[in-house]
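Chemist: Structure incoming, see below.
None of the figures in this text is laboratory data; all of them are computed from the coordinates on show. All figures in this text were calculated on a predicted structure; none of them were measured in a lab. Cβ: placed from backbone, ideal geometry, glycine included. Neighbour counts: every protein chain shown.
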Amino acid sequence: MAGADFAQAPAAKVAMLEHQPLMGKPGPLDDTREGEVHKNHLVTYRLRADEIQILQLWHVAQNRPRTTSPKP
């Protein structure tokens, strides 16, 4: 049952993005946002036209980008 709980919590939080796409904080890279989807997991996403693109699911212990990408 723990596995099912783990899968349902992030799915429910990601589904909330449809109605509140700006609920996450600005992400580590330009034009991204991130939000907590489980106590130890974050999702990085971006908004494109009429869709939300999920880019990565991170465990908080993972090394992940912390700076913005360079401007062209």
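Chemist: Please arrange 36, 51 by counting, for each residue, the other beta carbons lying within 10 Å of its beta carbon, fewest first.
Modeler: With the sparsest Cβ surroundings first, the list reads 51, 36.
Chemist: Name the long-range amide H neighbours of residue 55: under 5 Å, sequence gap of 5 or more, or other chain; modelled H, no Pro or chain starts.
Modeler: Result for residue 55 returns 44, 45, 46.
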